[in-house]
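The values are calculated or read from the model by the stated rules, or taken from the named source; none is laboratory data. If you're wondering where the values come from, they're calculated on a predicted model, not measured in any experiment. Glycine also receives a Cβ, built like all others from the backbone with ideal geometry; neighbour counts cover every protein chain displayed. These area figures cover heavy atoms from the full protein model, side chains too; ligands, DNA and RNA do not enter into them. Shrake-Rupley method; radii C 1.70, N 1.55, O 1.52, S 1.80 Å.
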Amino acid sequence: MSDIWNGKQLPERGFEYTTIHYRLYDDRTGQLLSFNSTNSVDAIVTDVLRTQKENPDAHLRAIEYDGPAYQT
């Protein structure tokens, strides 16, 4: 069953498993608050919400990078 948006059927699409490497900064101070590599947007949203809760005065900025923070 495909998804319906505003009364129109959206085309069928396959899942994408792209690894996203990102870091979360306080935009005011430049302080690095969190970083991760994931293929899940849900994991990014969870990290943003957790980071905002731990740093309520921060103005979060997420930046995507071309590789992980640490070489493995």
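Listed residues Thr29, Thr51; which is of a type outside the set (A, V, I, L, M) and outside any helix (DSSP H, G or I)?
On the way: Thr51 fails: outside any helix (DSSP H, G or I).
None of the other options fit; the residue is Thr29.
Only one entry of Glu12, Glu64, Glu16 meets the criterion of being of a type in the set (Asp, Glu) and assigned to a strand (DSSP E or B), and that entry is Glu64.
Output the residues belonging to region 33-48 that are among the small types (Gly, Ala, Ser), outside any helix (DSSP H, G or I) and closer than 16 Å to Tyr17 by Cα. Ser37, Ser40, listed by residue number. Within region 35-50, residues that are open to solvent by 80 Å² or more (accessible area, probe 1.4 Å) have Cβ atoms under 6 Å from residues that are not aromatic (Phe, Trp, Tyr) in these pairs: Phe35/Arg23; Phe35/Ala69; Asn39/Thr19, counting only partners at least 6 apart in sequence or on another chain.
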